[in-house]
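J.: Here it is: the structure, laid out below.
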Amino acid sequence: AASKLEISMPDTVEVEVGDTARIECNFYIPENASYTYIDWFYVDRSNKQVRLFHITAGGVLEDETDYQKRLSLGEDKALSISAVTMQDARTFVCQVGAGSYGVGEKSTELMVYKVPSAPEIEPNSAGISVNSTEIPAIAKCVSKNSFPAPNITWHKNGEQLHAQENEVTMQSTLTRESSGLYTVSSTLYAPVTREDRDSRYHCTLHYRLRGELRALESREVKVNIFYPAEHLKLQVMPSSALVKEGDNVTLVCETDGNPQPIFSFFKKHLNEWQDVSLAEPDSGILKLHNVTKSNSGTYKCQSLDLDSMSQIEENVDLVVNYIEGVNVKMEPSSTLREGDSVTLSCDAHSPVDLMYQWSDEKGKKLKDGNQLFLSNLTFETSNTYSCKVMAPSVPGLEQSKKVSVAVKGKPRIVAISSPLYVRQNEWINLTCKAIAFPRPVVQWSINGTAHEYVDNQHIASNLTVRVNHDLLKAGAMCRVSNELGVSEKHIQLLDQKSTAESQGVIIVAIIVAILVVAVLGAVIYFLHKKGKIPCGRAGKQDITKPEARKDKIVVEVKSDKLSEEAGLLQGANGEKRAAADQ
């Protein structure tokens, strides 16, 4: 066992600003003797001890200091300081008096900390030129409200940067705010090359907490690097192989420099370059609207770097695909008559392979190929045919040409309103429809109000007249004629009243016939019920006998077992023969 007073205290106690710090003072007195007093002190800036507490067996005395109302003692006489501030970062002393065992003391360093805010990084907003004569500022990193002051390191693409004379430098500043907290900032200076256009920079804040080294990283940033162009690219949008007449085409000129230089466009004409004006020279874009084959040719884009005054140029060929000269030829080209045949041929010119397709005026596909053969022509064959010319290699490139096939012939009446049932003095419409080409003339044999309707080779005439005795008797004649012939047809008119009377006589006759059949059926049924007319499988009446023998009834017996029944039946019939004769 120890023979003297011993005191033990932690060397340091760490506490965050605003929290409560607890400093323990453990001591040992030989033979379990009691302490005489315990005093707590702090060491001020002049290295002088200022008492906080005097503790004896009789009680606790708290001295008047700036710590009043923030101090407390535990049952183990440990000192607690609440609402710790940065000013509390000092040395605290515990002194124990043990009578004959003497006086001893120990101290603890109270370390106050404040976790810094995450570092904020801002890249150079103006951009940096690779041709800069001075080492440029890359970015600035700032962290606020820390205690004690932290350190800042810089990183490029994940690797830490170190200061190099005339190459990489970091300038740091430390500011103590009125609150006692620190603000630290650091600026990175370093040369750049065109490869740094994709480089990423960030800063890291280093601080100590409870004896351990901690770190906070900022976000990564890129810096806008200015460098001259080394290559130029000129392309057609959409792809040159797919451009057709009517498209909107864009020529895009780009370089690998930053910023993009000034662009100029030219088109080659008779071995000379002609300037093509641009609405926005800085954009490097040439827009051609609704192009035609005249827009085909060689285009040149030229870039000018204003810093180095260097020029780069590139050429591209623009091919505008087209279809022109669509022509439809008809053989024979002479007048066509009904029964004739004709061949339609379609042709066109284009720098790419073409396909042909025929359809009728309703859009129905008839045939693929550049020829369409029509045989046995009729008026109904007369139609408008369309030849569609397509370029399979250029989607959407197509043109169409229509041709009318007209079959000539004398008129043919295809429909008339005959026979027509009418009444005296009523107004009626007489209709005559015909087909012909050239367009025919329709004439009526009677006077009236006529209306004509024409649809291609079809013509229809409606004549409105009033029925009289002469019209009813003679009817009407429709005459259709053109330069190739005449067709006529007669319309018969029937008196609806006479027709109705004839129909009435026929209906009466039919009704009488139905009644006679009904009466006859009733008589036969009555006689059958009275037994006058035998029927069934037991026998049959011979109706082929002479008339003088028809009054006899013959019964055929099918087997011997039925003989008795047949005799009885014959007797019964004999007794009733007179009634049957009646």
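J.: Out of all the residues in the range 286-318, which are β-branched (Val, Ile, Thr) and at pLDDT below 90?
T.: Residues satisfying the conditions do not exist here.
J.: Can you find, within the range 210-220, the residue that is farthest from the chain's Cα centre (by Cα) among those that are assigned to a strand (DSSP E or B) and of a type in the set (Asp, Glu)?
T.: Result: Glu212.
J.: Residues that are farther than 30 Å from Ser359 by Cα, at least 2 per element: which strands (runs of 3 or more DSSP E) completely within the range 404-455 meet that?
T.: Because the criterion is at least 2 residues that are farther than 30 Å from Ser359 by Cα, the strands (runs of 3 or more DSSP E) in the range 404-455 that meet it are 420-422, 427-437, 441-444, 449-455.
J.: Continuing with the same structure: Got a number for residues in the range 109-125 being surrounded by fewer than 18 Cβ atoms within 10 Å (Cβ to Cβ) and within 19 Å of Val13 (Cα to Cα)?
T.: Residues flagged as surrounded by fewer than 18 Cβ atoms within 10 Å (Cβ to Cβ) and within 19 Å of Val13 (Cα to Cα) within the range 109-125 amount to 2.
J.: Looking at (1) part of a strand (DSSP E or B); (2) free of Cβ contacts under 8 Å to residues at least 60 places away in the same chain, which is the only condition Ile121 fails?
T.: Against the list (1) part of a strand (DSSP E or B); (2) free of Cβ contacts under 8 Å to residues at least 60 places away in the same chain, Ile121 comes up short only on (2).
J.: When the residues of the range 142-198 are narrowed to those that are more than 48 Å from the chain's Cα centre (by Cα) and among the basic types (Lys, Arg), which ends up surrounded by the fewest Cβ atoms within 10 Å (Cβ to Cβ)?
T.: Arg176
J.: Anything in the range 199-220 that is out of contact with any Leu (no Cβ under 6 Å at 6 or more places or on another chain), of a type in the set (A, V, I, L, M, F, W, C) and open to solvent by 20 Å² or more (accessible area, probe 1.4 Å)? List them, or say none.
T.: Leu213, Ala215
J.: Give the range 93-108 a look and list any residue that's part of a strand (DSSP E or B) and open to solvent by 40 Å² or more (accessible area, probe 1.4 Å), or say none.
T.: Hits for the range 93-108 are Val103, Glu105, Lys106, Ser107.
J.: Taking the range 318-353, which residues are open to solvent by 50 Å² or more (accessible area, probe 1.4 Å), touching a strand residue (DSSP E or B) at 6+ places or on another chain (Cβ under 6 Å) and β-branched (Val, Ile, Thr)?
T.: Thr335
J.: Determine which member of the set Gln311, Gln357 is open to solvent by 40 Å² or more (accessible area, probe 1.4 Å) and either under 30 Å from Ser129 (Cα atoms) or hydrophobic (A, V, I, L, M, F, W, C) (or both).
T.: Of Gln311, Gln357, the one residue that is open to solvent by 40 Å² or more (accessible area, probe 1.4 Å) and either under 30 Å from Ser129 (Cα atoms) or hydrophobic (A, V, I, L, M, F, W, C) (or both) is Gln311.
J.: So, in the range 379-415, how many residues would count as being of a type outside the set (A, V, I, L, M, F, W, C), within 27 Å of Thr431 (Cα to Cα) and open to solvent by less than 40 Å² (accessible area, probe 1.4 Å)?
T.: Looking only at that region, the number is 5.
J.: Gly18 versus (1) open to solvent by 30 Å² or more (accessible area, probe 1.4 Å); (2) not in a loop (DSSP other than H, G, I, E, B); (3) not charged (D, E, K, R): which is the lone unmet condition?
T.: It is condition (2) that Gly18 fails.
J.: I need the full set of residues from the range 221-239 which are open to solvent by 30 Å² or more (accessible area, probe 1.4 Å) and over 27 Å from the mean Cα position of the chain (by Cα), in order please.
T.: Lys222, Asn224, Phe226, Pro228, Glu230, His231, Lys233, Gln235, listed by residue number.
J.: Give just the number: which of (1) within 30 Å of Pro259 (Cβ to Cβ); (2) touching an Asp or Glu at 6+ places or on another chain (Cβ under 8 Å) does Thr183 not satisfy?
T.: Failed condition: (1).
J.: If you go through the range 1-15 one residue at a time, how many are part of a strand (DSSP E or B) and closer than 12 Å to Gly104 by Cβ?
T.: 3
J.: If I ask for residues that are open to solvent by less than 40 Å² (accessible area, probe 1.4 Å), part of a strand (DSSP E or B) and β-branched (Val, Ile, Thr), which ones from the range 26-61 would you list?
T.: Of everything in the range 26-61, those that are open to solvent by less than 40 Å² (accessible area, probe 1.4 Å), part of a strand (DSSP E or B) and β-branched (Val, Ile, Thr) turn out to be Ile38, Val43, Val50, Ile55.
J.: Quick check on the range 318-327. Is at least one of its residues under 15 Å from Val252 (Cβ atoms), under 39 Å from the mean Cα position of the chain (by Cα) and among the acidic types (Asp, Glu)?
T.: Checked the range 318-327: no residue is under 15 Å from Val252 (Cβ atoms), under 39 Å from the mean Cα position of the chain (by Cα) and among the acidic types (Asp, Glu).
J.: Then there's this: Could you check the range 452-474 and list, in sequence order, the residues that are more than 60 Å from the chain's Cα centre (by Cα), modelled with pLDDT of 90 or more and open to solvent by less than 40 Å² (accessible area, probe 1.4 Å)?
T.: Val465, Val467, listed by residue number.
J.: Identify, please: which residue in the range 282-303 is part of a loop (DSSP other than H, G, I, E, B) and at negative phi and is, among those, nearest to the chain's Cα centre (by Cα)?
T.: Going through the qualifying residues, I end up with His289.
J.: Here is a follow-up. Out of all the residues in the range 397-414, which are at pLDDT below 90 and among the small types (Gly, Ala, Ser)?
T.: Hits for the range 397-414 are Ser404, Ala406, Gly409.
J.: With respect to Glu245, is the statement that it is in contact with a His (Cβ under 7 Å, 6 or more places away or on another chain) and of a type outside the set (A, V, I, L, M) true?
T.: Answer is no for this residue.
The values are calculated or read from the model by the stated rules, or taken from the named source; none is laboratory data. Every value quoted in this text rests on a predicted model; they were computed, and no experiment measured them. Cβ sites come from the backbone with ideal geometry, for glycine too, and all protein chains shown count toward neighbours. Calculation scope for accessible area: heavy atoms of the full protein, side chains included, ligands and nucleic acids excluded. Shrake-Rupley method; radii C 1.70, N 1.55, O 1.52, S 1.80 Å.
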